[in-house]
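Undergrad: Pasting a structure here, questions to come.
The values are calculated or read from the model by the stated rules, or taken from the named source; none is laboratory data. In this text the structure is predicted, and so the values were computed from the model without any measurement. Cβ placement follows ideal geometry from the backbone for every residue including glycine, while neighbour counts extend to all protein chains displayed. Ligands, DNA and RNA are stripped out before the accessible areas are found, and what is left, the full protein with its side chains, is counted by its heavy atoms. Shrake-Rupley method; radii C 1.70, N 1.55, O 1.52, S 1.80 Å.
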Protein chains: 2
Amino acid sequence: MPLLVMKFGGTSVANLDRIRRAAKRVGVEVAKGYDVIVIVSAMSGKTNELVGWVGETSPLYDAREYDAVVSSGENVTAGLMALTLQEMDVPARSWQGWQVPLKTNSAHSQARIEEIGTENINQKFGEGMKVAVVAGFQGISPEGRITTLGRGGSDTTAVAFAAAFGAERCDIYTDVDGVYTTDPRICEKARKLDKIAFEEMLELASLGAKVLQTRSVELAMRYKVKLRVLSSFEEQSDEAGTLVCDEEEIMESNVVNGVAYSRDEAKLTCLSVADRPGIAATIFGCLSDAGVNVDMIVQNISEDGRTDMTFSCPTDQVQRAELALNAYKEKGELNFAELVADTGVAKISVVGIGMRSQSGVAAKMFKVLSDEGINIKVITTSEIKISVLVDRKYMELAVQALHDAFELDKAS
Amino acid sequence: MPLLVMKFGGTSVANLDRIRRAAKRVGVEVAKGYDVIVIVSAMSGKTNELVGWVGETSPLYDAREYDAVVSSGENVTAGLMALTLQEMDVPARSWQGWQVPLKTNSAHSQARIEEIGTENINQKFGEGMKVAVVAGFQGISPEGRITTLGRGGSDTTAVAFAAAFGAERCDIYTDVDGVYTTDPRICEKARKLDKIAFEEMLELASLGAKVLQTRSVELAMRYKVKLRVLSSFEEQSDEAGTLVCDEEEIMESNVVNGVAYSRDEAKLTCLSVADRPGIAATIFGCLSDAGVNVDMIVQNISEDGRTDMTFSCPTDQVQRAELALNAYKEKGELNFAELVADTGVAKISVVGIGMRSQSGVAAKMFKVLSDEGINIKVITTSEIKISVLVDRKYMELAVQALHDAFELDKAS
């Protein structure tokens, strides 16, 4: 029997009506002849309520008890979804993580999946069950305690089940109807993509397009799980949403497939750093120890044995970065003339696997920005992405201009 | 290490403040040198919310899914209680039913406890854990699915743990401060009992004094578990509340220890029933099949081969009883002249193990009621209880008069 994994997020199971709507979608796939594994999140708001109670009870909580508490929200929706399907005469039952079992390591509250037992669920499929409803986001540790997978863990659960059971596809139902060329809120010409390659999705996810959790995309890429993102609030055809898949399945692609932005970036520069071997390791080791998420890094050429080191991080981590670097300077472990922070920048990126085979994308990008009078402060590039920092006030203009210039409103 | 079981009901863990207050009580017992097993209910209102969702989703629900859903409330409080204790530097952890394991049969939503594994928890006590917090009301079936024990299941869980672990005592914390000679709301002279025998408590519980669930008292009696009922809202001494124990531990007891009442009773009489062997079996078999909870049964003497058969049941089951009996009559399986219902009666009972050795209690009871001008409609007696039905308008007067006459306001 061909098998599908369908995942419904918190807003898609927020109340009994929405659970019923989601169950109807599942019923449609069952009617087509699929066995289905449904992964559910907690009703939206429930997990936050539980997390709040834990934090209020114990600021430095025991993560094992945190997991025991916050995992309960998914148990509720799993049972309700199974009951709803049964009411529709679809043979279904619920499974909690430990019942599957979904085995994880012992890293409570951010556990990694180690193994998914397929025997129990496959046995029930063999006995005529059509839908296994699984509580997402949770597993069981080697010590037999409940673990949770961290934020976005239900997406990851869904992809892991699709991999373990060899599902034909993993459909992620959410509150948006797919992946867009850019954020429709700041560019009205934004176009929904029919397909996008894993690598592109990864870059877009890590750039703040919060449709899919980065970890779930990585997992899908590794196990070649076809992922589809679609809305649970619209009638769906087989071609709805956006398919995230191997680039080989995308016949022709635009050179650039997306323009992403990140609003709250800051640029910091250590001026006149002694340019000796290991200096970068010292600076970024210091920042890493301080918990600063460094993103872009640029080192200018050296002059008289001294150089300028520039990096970017979220604006709310600037103070932490300054404290850490100045402390190193005082201890004599680091030598720089001055630390300059610019907290008024935004990051704009163009992403596309077509860049690998086509040159001139960077030049085009820089010309577009220059034509709009936008000054570029920092540039970094990867194989399929070019990112720049610009003044925040130009962010929306830059996104719109690039979207136009690369003709992202037109399908390839 | 001596061991205590402490059980906190829904109102005692209704929010984080109350959980904190309950945890402090646990801390007091730990400081005295006890290892403690804490049994928690769900926050008050939570189980009803979950039950409501299940009922709305599926009127004829799959009880296995019902159990998976409604058991989640206790998981939340168990984790939060463990965290609260940890914050107080009391080594604690939570256990869900399947982790203990608390094994039950497969009668979902009203499962019976079959076995409690003591190994896991005792191992942790051996490693220095002082408190095991166990989610009440839930267990695991032979098929590995979550079961619940039905209403009042947390009391039963607590007693079963006390029996399995050989606890010195099982303290039931609730929103009343003990067991009273009668309901203080209708008799201001009602006195809290320091001790009461299991048998008396059973009669009182089944008569509607809702302090303890009947099943938990039965279990405590069978395994000779000392039960103490006390308030979680008052500062407690070692002698607080009411101890429910073996009658041998009660040195001297009043002849009568309690006056119970049940407001919504109805009296039904089948007039002129053919008095042949098996007639009672036919009538009460019919009522049982219809789901009528028959309480008192009285058969008058026979005259000319016909008799009157009188019984009582809750008023809201009268219609069901009438329909069932009349249907039997129409089918010719039963023959009676008329079915007369009196829905305006109440049941008054006096309970006391002292009755076994002392005569004249019944005579005294009837005289007291007669002196007040209260007509007795039906009488039944057991070894330690005498019950009568009277007009409902006399209910409070009857309770007060009997409480006075048997001097229940005075300690023995």
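Undergrad: Please state, to two decimals, what the Cα-based radius of gyration of segment B:133-174 comes to when divided by 2.2 N^0.38 Å (N = residues).
TA: Output field value: 1.23.
Undergrad: Rounded to the nearest 500, what is the 222 nm mean residue ellipticity of the protein assembly as shown from helices alone, with -39500 (n - 2.57) per DSSP H run of 4+ residues and division by all residues?
TA: Rounded to the nearest 500, it is -10000 deg cm²/dmol.
Undergrad: Counting only heavy atoms of the protein chains, get the accessible area per residue of the protein assembly as shown (1.4 Å probe) and round it to a whole Å² value.
TA: Here the per-residue accessible area is 42 Å².
Undergrad: Note down the magnitude of the dipole of chain A about its Cα centre, charges +1 on Lys and Arg C-beta and -1 on Asp and Glu C-beta and zero elsewhere, to the nearest 20 debye. Please report the intermediate quantities before stating the final value.
TA: Working: 44 positive and 59 negative charges, 96 e Å.
I would put it at about 460 debye.
Undergrad: Of all the Cα-Cα pairs you can form in segment B:134-220, what percent are over 18 Å apart?
TA: Working: 1876 of 3741 pairs.
Tail fraction, whole percent: 50.
Undergrad: What number comes out for the charge environment of B:Thr11, summing +1 per Lys or Arg and -1 per Asp or Glu over other residues with Cβ under 10 Å away?
TA: So the surrounding residues net to 0.
Undergrad: Also, I was wondering about something else. Determine the distance separating the Cα centre of segment A:139-166 from the Cα centre of segment B:258-316; give it in Å without decimals.
TA: Between the Cα centres of segment A:139-166 and segment B:258-316 lies a distance of 58 Å.
Undergrad: In Å and on Cα atoms, what radius of gyration and Dmax does segment A:259-405 show?
TA: According to the Cα coordinates of segment A:259-405, Rg and Dmax are 16.4, 51 Å.
Undergrad: While we're on this one: Report for chain A the percent antiparallel among DSSP-assigned beta bridges with both residues inside it, nearest 5.
TA: So the antiparallel bridges amount to about 60 percent of the total.
Undergrad: For the rotation taking chain B to chain A, which residue of B has the Cβ nearest the axis, and how many Å away is it?
TA: Residue and rounded Å distance to the axis: B:Ser72, 2.
Undergrad: Separate question: On a 0 to 90° scale, report how tilted helix A:16-31 is relative to the longest principal axis of chain A, with both axes built from alpha carbons and the result rounded to the nearest 10.
TA: Approximately 70 degrees, to the nearest ten.
Undergrad: Using the Cα centre of segment A:3-175 as the reference point, and only Cβ charges (+1 on K/R, -1 on D/E), how large is the resulting charge dipole? Debye, rounded to the nearest 20. Present the calculation step by step, with values, prior to reporting the outcome.
TA: Working: 17 positive and 20 negative charges, 75 e Å.
Rounded to the nearest 20 debye, it is 360 debye.
Undergrad: Starting from the Cα coordinates of the protein assembly as shown, work out the convex hull volume and express it per residue in Å³.
TA: 211
Undergrad: Here's another thing I want to ask about it. How many nanometers, to one decimal and shortest first, lie between the label point of A:Lys367 and those of its other copies, if labels sit 7 Å from Cα toward Cβ?
TA: Counterpart label points of A:Lys367 in the remaining copies fall at 11.7 nm.
Undergrad: Another question about this same structure. If you take every residue apart from B:Gly73 with its C-beta less than 11 Å away from the C-beta of B:Gly73, what net charge results, scoring Lys and Arg +1 and Asp and Glu -1?
TA: -1
Undergrad: Would you mind listing the distances between the A:Arg320 label point and the same position in each other copy? Use 7 Å along Cα-to-C-beta, nm, one decimal, shortest first.
TA: 6.1
Undergrad: Another question, then. Compute the Rg/Rh shape ratio of segment A:23-180: radius of gyration over Kirkwood radius, all on alpha-carbon atoms. If you can, show how the numbers build up before the last one.
TA: Details: Rg = 15.6 Å, Rh = 16.0 Å.
Over the Cα atoms of segment A:23-180, Rg/Rh equals 0.98.
Undergrad: Using a 1.4 Å probe over the heavy atoms of the protein chains, calculate the carbon and sulfur portion of the accessible area of segment B:47-197 as a whole percent.
TA: 45
Undergrad: Using only Cα atoms, what is the ratio of the radius of gyration of chain A to 2.2 N^0.38 Å?
TA: The value comes to 1.10.
Undergrad: Where nothing but the Cβ of Lys and Arg (+1) and of Asp and Glu (-1) is charged, how large is the charge dipole of segment A:259-405 around its Cα centre, in debye to the nearest 20?
TA: Values: 15 positive and 20 negative charges, 63 e Å.
It works out to roughly 300 debye.
Undergrad: Using a loss threshold of 30 Å², tell me which positions in segment B:36-59 are less accessible in the complex than in their chain alone. Probe radius 1.4 Å, ligands and nucleic acids ignored.
TA: Buried by 30 Å² or more upon assembly, which counts only protein chains, are B:Lys46, B:Trp53, B:Glu56, B:Thr57, B:Ser58.
Undergrad: While we're looking at this one, here's another question. Show me you know the interface measure: the accessible area buried between B and A, both chains summed, probe 1.4 Å, in Å² to the nearest 100.
TA: 3100
Undergrad: Using alpha carbons only, how many degrees (0 to 90, rounded to 10) separate the axis of helix A:318-330 from the longest principal axis of chain A?
TA: Result, in degrees: 50.
Undergrad: Taking the Cβ of A:Tyr34 as the center, what net charge do the other residues with Cβ under 9 Å away carry, scoring Lys and Arg +1 and Asp and Glu -1?
TA: My count for the surroundings of A:Tyr34 gives -1.
Undergrad: May I ask you to give the percent of accessible area on segment B:328-412 that is carbon plus sulfur, with a probe radius of 1.4 Å?
TA: 44
Undergrad: A follow-up question, please. Using Cα centres only, tell me the gap between segment B:35-93 and segment B:357-412 in whole Å.
TA: Going from one Cα centre to the other spans 42 Å.
Undergrad: Another one. Would you mind calculating the gained length between A:Ala327 and A:Glu235 on full extension (0.36 nm times residue separation, minus the Cα-Cα distance), in nm to one decimal?
TA: Result: 27.4 nm gained on full extension.
Undergrad: Under the convention of a label 7 Å out along Cα→Cβ, give the distances in nm from A:Phe233 to the same position in every other copy, shortest first.
TA: So the distances to the same position in the other copies read 4.3 nm.
Undergrad: Same structure again: Note the angle between two axes, namely the Cα long axis of helix B:395-405 and the longest principal axis of the Cα atoms of chain B, as a number of degrees from 0 to 90, rounded to the nearest 10.
TA: 80
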